[in-house]
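Here the structure is laid out as C-alpha cells; the discussion comes afterwards.
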Amino acid sequence: MLALALCALAIPGALHAQQQPEWEMEALTDQGWAEFDFQTGLGRGTNGVMVKYGGAFLTADQVGVNQQTGDVTADGNVRIQNLDQIWVGEHIRYNFKTRQMEAEQFRTGKAPVFAAGEGLHGQLTNEVYYATNGVITTDDVSQPAFKVRAKYLKIIPGKRFEARHATLYVAGVPVFYFPYYTRSLEARSNNYSFTPGYRGIYGPFLLNRYTFFIDEYLDGIGHVDYRER
C-alpha cells in the first residue's frame with residue numbers, strides 16, 4: 001500500500017516533467033560554437049547557431065538565451081519558425097514561452113501571402129503582432145510587382161493580416177486606396193484577387209475576382225471586370 005501511494009504521488013511530477021520542452025543549442029558551422037550554463041540558465045553562441053524549444057526553432061549569427069524567462073536575443077540573419085509561420089530579420093528579441101517578439105525590421109510569410117515592415121512588437125495575451133510601414137504581397141521576391149503598402153499592420157499568425165490606410169501598388173504605381181484591408185492565411189478562406197493588364201481588343205483592363213467558401217462542400221466566385229472598351 002505504501003509503495004502504491006508513493007508511486008501515485010510520483011506520477012503527476014513525472015508527467016509534468018515530460019510536458020516541459022527541452023532547450024537545445026547547436027552550432028551550424030565549423031567556426032560556430034554554443035555554450036550553456038545550467039546553473040544560471042544562460043546560453044550564448046556565435047558564428048551560426050540554432051536554438052530549439054518546443055515546436056519552434058531560431059537560427060542566427062549570434063544568440064543569447066535565458067532559459068528561465070525564455071528570452072532570446074538574436075543578431076544577424078535571424079530566422080524564426082513556429083509551426084508554418086516564418087519570421088526573418090537582422091535583430092530580433094523573441095520569447096519562446098510567451099511568443100512575444102520585437103524587431104526593428106522584419107519579413108514574415110505563410111504561402112501564398114508575405115509581409116514586411118518596421119517596429120514589430122507582440123502582444124502576450126493572444127499572440128497578435130503590430131507593425132508600422134508594412135507591405136503585404138503574394139509575390140515571394142525582393143521587389144514584388146503587386147503589393148499593398150500600409151501605415152499600420154496587424155499580424156495574427158496562422159489566421160490573417162490586417163492593414164489600415166493601405167494603398168495598392170502595381171509596378172511601383174499607386175492605383176487604389178483601402179481604408180481597411182485584410183488577407184486570410186487559413187485554408188479555404190474568402191479572398192479577393194485582381195489581374196490588371198492591356199489588350200488591343202479591350203484596352204486597359206482590371207479583372208476582379210472574389211472567392212467565397214460557405215462550407216466544406218459549397219463555394220463560389222464573383223467577377224467584376226473593368227475594361228476601357
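Quick notes on this structure:
- The chain: calculated mean residue ellipticity at 222 nm from DSSP helix runs of at least 4, using -39500 (n - 2.57): -2500 deg cm²/dmol
- Along segment 37-48 the Karplus relation, 6.51 cos²θ - 1.76 cosθ + 1.60 evaluated at θ = phi - 60°, assigns HN-Hα couplings of 9, 6, 6, 9, x, 10, x, 7, x, 8, 6, x Hz to successive residues, with x for each Gly and Pro.
- Cα-centre dipole for the chain with unit charges at Cβ (Lys and Arg positive, Asp and Glu negative), debye to 20: 1040
- Taking 7 Å steps out from each Cα toward its Cβ at residue 38 and residue 111 produces label points 4.1 nm apart.
- The chain - Debye-derived log10 I(q)/I(0), Cα point model, q = 0.09, 0.12, 0.17 Å⁻¹: -0.52, -0.79, -1.19
- Among the lysines of the chain, pairs that are 8 or more positions apart or on different chains and have alpha carbons within less than 17 Å of each other number 4.
- Look at where the Cα atoms of segment 56-126 and of segment 169-214 average out, and the two centres are 30 Å apart.
- Most mobile listed residue (200, 122, 89) in the chain, GNM with C-alpha springs under 10 Å: 200
Every number in this text was worked out from the coordinates using simple rules, so none of it is lab data. What you see is a predicted model, and the numbers here were worked out from it, not measured in a lab. All Cβ positions, even for glycine, are placed from backbone atoms using ideal geometry, and neighbour counts span all protein chains on display.
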